[in-house]
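Structure first, commentary second.
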């Protein structure tokens, strides 16, 4: 496995607690998809449940994130568009996520959705969401 850039660390110290990283720590970009079967619990709760697709950089932190809501709104965030009135790029790193509920996807699946639009939050920051 070392030849593929993947390694295992039994634990790292993060904010005073141990975080299991196991096989998910990697020197490469990772893509995960998961279903959030609850509403947002805010003024946009009527959007319903959602699918989340996330790109994690080699350091284990999110670099891009897509949220696809059942009623139609589609949001995306990146380093060029960190947050807006609807939400923002998540701060939790890969080592802090319950991976049992995640599905790993490939870059092509993520990129196809990233490029698909239209994006509900495309004009909320005045900046480009293409990064």
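The values are calculated or read from the model by the stated rules, or taken from the named source; none is laboratory data. Because the structure is predicted, anything quoted here is derived from the model rather than measured. Please note: Cβ atoms are built from the backbone with ideal geometry, for glycine as well, and neighbour counts cover all protein chains shown.
For the range 92-115, the tally of residues that are in contact with a strand residue (DSSP E or B) (Cβ under 8 Å, 6 or more places away or on another chain) and more than 21 Å from residue 28 (Cβ to Cβ) stands at 1. Can you name the residue in the range 101-113 that is in contact (Cβ under 8 Å) with a residue 60 or more places away in the chain and part of a helix (DSSP H, G or I) and is also surrounded by the fewest Cβ atoms within 10 Å (Cβ to Cβ) among such residues? Filtering the range 101-113 for residues that are in contact (Cβ under 8 Å) with a residue 60 or more places away in the chain and part of a helix (DSSP H, G or I), the one surrounded by the fewest Cβ atoms within 10 Å (Cβ to Cβ) comes out as 101. Just one of the listed residues (120, 69, 77, 44) is in contact with a helix residue (DSSP H, G or I) (Cβ under 6 Å, 6 or more places away or on another chain) and buried (at least 17 other Cβ atoms within 10 Å of the Cβ), namely 69. Take residue 51 and tell me if it is in a loop (DSSP other than H, G, I, E, B), modelled with pLDDT of 95 or more and touching a strand residue (DSSP E or B) at 6+ places or on another chain (Cβ under 9 Å). Answer is no for this residue. Counting only residues that are free of Cβ contacts under 8 Å to residues at least 24 places away in the same chain and farther than 17 Å from residue 112 by Cα, the range 41-58 holds 7 of them.
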